[in-house]
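Note sheet for the following structure.
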Amino acid sequence: MEVKPRFYAIGLAVALLEEFITQGVLKRSLVGWIIPTFIAFLPFLIVVRQINKILDRRMVEFKAVLAYYVISGVIGLTIEWLIIGLSPWSNPAANPLLILILQVGIFSFWSSVALAPKLLLDRRASIVRVRRWFKLFLTFGFVSIYVLTLLASRETRFIVGIGSLLATFIPLNFFYFTYVRTLPKRYDTGRALQALST
């Protein structure tokens with residue numbers, strides 16, 4: 001897949017829409033979240049894009065995309081744990097099940113920033129159906145997040161906002177695994193040469 005500015009635009013759009021809710025609305029920083037979001041996510045997208053090229057050259061496509069998905073999520077978890085402080089051990093008194101759900105949601109969000117543009121820009125006929133349903137679910141998810149969070153009372157807004165984010169990003173994994181299942185299981189020399197040239 002050739003390098004496209006749209007890859008970065010879509011990835012940043014996913015990040016910005018989520019960060020506006022968590023930082024702008026829930027943490028009441030309506031302007032202060034914008035620059036930090038670009039500082040965090042543009043380098044992330046540049047790094048995972050390069051990782052994607054390396055994986056494309058060394059693996060069959062479905063393995064490369066699966067590895068890309070996992071690596072992107074792990075990078076995101078690492079950032080959240082070591083820099084932001086949202087590690088599983090940051091609050092020993094918290095409910096372990098809720099902590100697990102939160103960590104899965106964090107992984108899903110970061111992997112979505114990386115994989116959503118890849119899926120949406122893949123125009124092959126074999127993935128038309130999964131791309132269409134993914135786009136509909138993602139759009140409906142963000143509309144639901146914004147409506148529910150902005151209409152919630154001040155007392156319930158944090159729970160509603162985080163809950164709606166988790167309810168959107170965690171199910172996106174279904175589409176990613178469906179996407180991976182549709183990808184070629186054999187090595188494509190032409191695709192590898194294209195990856196080398198980008």
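The values are calculated or read from the model by the stated rules, or taken from the named source; none is laboratory data. The shown structure was predicted, so the numbers you read here are calculated from the model rather than taken from an experiment. For neighbour counting, all protein chains shown are included, and Cβ atoms are generated from backbone atoms with ideal geometry for every residue, glycine included.
Observations
- Residue match in segment 73-92 (condition: touching a Leu at 6+ places or on another chain (Cβ under 8 Å) and of a type in the set (Phe, Trp, Tyr)): no
- Test: residue in segment 88-110 that is farther than 26 Å from Arg28 by Cα, touching a helix residue (DSSP H, G or I) at 6+ places or on another chain (Cβ under 7 Å) and part of a loop (DSSP other than H, G, I, E, B): no
- Yes/no for Leu30 being surrounded by 14 or more Cβ atoms within 10 Å (Cβ to Cβ) and out of contact with any His (no Cβ under 6 Å at 6 or more places or on another chain): no
- Considering only residues in segment 1-44 that are part of a helix (DSSP H, G or I) and among the acidic types (Asp, Glu), the one that is farthest from the chain's Cα centre (by Cα) turns out to be Glu19.
- Of the residues making up segment 77-114, those that are crowded, with 17+ Cβ neighbours inside 10 Å and closer than 21 Å to Pro36 by Cα are Leu77, Glu80, Gly105, Ile106, Phe107, Ser108, Phe109, Trp110, Ser111, Ser112, Val113, Ala114.
- Per the listing Ile145, Ile106, the residue uniquely closer than 20 Å to Phe41 by Cα and touching a residue at least 12 places away in the same chain (Cβ under 8 Å) is Ile106.
- For segment 25-65, filtering for residues that are touching a Gly at 6+ places or on another chain (Cβ under 7 Å) and farther than 15 Å from Ala114 by Cα leaves 4.
- Of all residues in segment 123-132, those that are at pLDDT 95 or above and either among the hydroxyl-bearing types (Ser, Thr, Tyr) or in contact with a helix residue (DSSP H, G or I) (Cβ under 7 Å, 6 or more places away or on another chain) (or both) total 2.
- All positions within segment 8-27 that are modelled with pLDDT of 90 or more, among the small types (Gly, Ala, Ser) and surrounded by 14 or more Cβ atoms within 10 Å (Cβ to Cβ): Gly11, Ala13, Ala15
- Of the helices (runs of 4 or more DSSP H) lying entirely inside segment 156-198, those containing at least 2 residues that are modelled with pLDDT of 95 or more and surrounded by 19 or more Cβ atoms within 10 Å (Cβ to Cβ) span 157-169, 172-182.
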